[in-house]
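Dropping the structure in here first, questions after.
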Amino acid sequence: MLRNSTTTIGRVAWLGTDVDYDDAWALQRRLVAERAEGRIADTLLLLEHAPVYTAGRRTIPEHVKGTLHAPLTETDRGGQLTYHGPGQLVGYPIVGLTERGMGPKAYVKALEAALLQTLEDHGVKGHTEEMLTGVWTDRGKIGAIGVKIARGVAMHGFALNITTNLSAYEPIIACGIEDLATTSMARHGAAPPMAEVATTIAGHLGGLLGIAWKAVEPASL
């Protein structure tokens, strides 16, 4: 995928660990409204969530096959059922797509490319699967993507397993795919610090979208 040759300035904020899903979702909705009105720049939120299962718009009840040991939240993103928790890097880019002339498919491809490039930087070989969204290795799915576009602005985003407790996926049919194996960077012998991975993926995504991220404190959002 070609990198965007036109660069704008955006904001990136590390929200921390053990972040409540509903709190992050509410922040996203506010930022999307402000971005659509042109009051803020593109913004990338990076964080680790407190343990939670999230159900996208295409989730059906049968996707829960066992006892969940974390809350289940129905959300408005695309995709199906997945898990978020410690050891997983979550990114929520609040990015204006209409003004870039970028459609949903091209945007998802950019997210996948940023994940793949980040994995490669840390010695993990990833790939995409035809007709499916996200990033895989030869041991299973390692990166999930689910987005929503509102008023021409993207929200929600990606989740990359670094040292995630993979047993958390056992009670669900993740992403609606029967017998889907999930994996992590740690399973491939790579467990870099969360901050390092966050910096790497922000750089790649910024390059692909044509955004130079400026770090800001969460309190300024």
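Arg58 passes all but one of (1) in contact (Cβ under 8 Å) with a residue 12 or more places away in the chain; (2) surrounded by 13 or more Cβ atoms within 10 Å (Cβ to Cβ); (3) closer than 26 Å to Asp18 by Cβ; which number fails?
Every condition holds for Arg58 apart from (3).
How many residues are under 20 Å from Thr8 (Cα atoms) and β-branched (Val, Ile, Thr) when one looks only at region 178-219?
Within region 178-219, residues that are under 20 Å from Thr8 (Cα atoms) and β-branched (Val, Ile, Thr) number 5.
Answer yes or no as to whether Leu27 is modelled with pLDDT of 95 or more, assigned to a strand (DSSP E or B) and within 26 Å of Gly203 (Cβ to Cβ). Steps first, please.
Details: modelled with pLDDT of 95 or more: yes; assigned to a strand (DSSP E or B): no; within 26 Å of Gly203 (Cβ to Cβ): yes.
So Leu27 fails the test.
For region 170-184, indicate whether the set of residues that are buried (at least 19 other Cβ atoms within 10 Å of the Cβ), of a type outside the set (A, V, I, L, M), over 23 Å from Gly16 (Cβ atoms) and within 15 Å of the chain's Cα centre (by Cα) is non-empty.
For region 170-184, residues buried (at least 19 other Cβ atoms within 10 Å of the Cβ), of a type outside the set (A, V, I, L, M), over 23 Å from Gly16 (Cβ atoms) and within 15 Å of the chain's Cα centre (by Cα): present.
Leu97 - would you say it is under 25 Å from Met194 (Cα atoms), among the aliphatic types (A, V, I, L, M) and in contact with a strand residue (DSSP E or B) (Cβ under 7 Å, 6 or more places away or on another chain)?
For Leu97, the condition - under 25 Å from Met194 (Cα atoms), among the aliphatic types (A, V, I, L, M) and in contact with a strand residue (DSSP E or B) (Cβ under 7 Å, 6 or more places away or on another chain) - is not met.
Considering only region 30-61, state which residues are assigned to a strand (DSSP E or B), among the hydroxyl-bearing types (Ser, Thr, Tyr) and under 20 Å from Ala150 (Cβ atoms).
Answer for region 30-61, where residues must be assigned to a strand (DSSP E or B), among the hydroxyl-bearing types (Ser, Thr, Tyr) and under 20 Å from Ala150 (Cβ atoms): Thr43, Thr54.
Looking at region 62-181, what strands (runs of 3 or more DSSP E) fall wholly within it and have at least 3 residues that are without any contact (Cβ under 8 Å) to a residue 60 or more places away in the chain? Break it down into steps so the answer makes sense when it comes.
Details: elements: 72-74, 81-84, 88-96, 135-137, 140-150, 153-161.
Result: 72-74, 135-137, 140-150.
Within region 54-83, can you find the residues that are over 17 Å from the mean Cα position of the chain (by Cα), closer than 14 Å to Ala174 by Cβ and among the hydroxyl-bearing types (Ser, Thr, Tyr)?
Once the filter is applied, which keeps residues that are over 17 Å from the mean Cα position of the chain (by Cα), closer than 14 Å to Ala174 by Cβ and among the hydroxyl-bearing types (Ser, Thr, Tyr), region 54-83 yields only Thr59.
From the set of residues in region 77-134 that are acidic (Asp, Glu) and farther than 18 Å from Lys148 by Cβ, which is surrounded by the fewest Cβ atoms within 10 Å (Cβ to Cβ)?
The residue in question is Glu130.
The values are calculated or read from the model by the stated rules, or taken from the named source; none is laboratory data. Computed from a prediction, not measured in an experiment: that's the story for all the values here. Methodologically, a virtual Cβ is constructed for each residue, glycine included, from the backbone with ideal geometry; neighbour enumeration extends over all protein chains shown.
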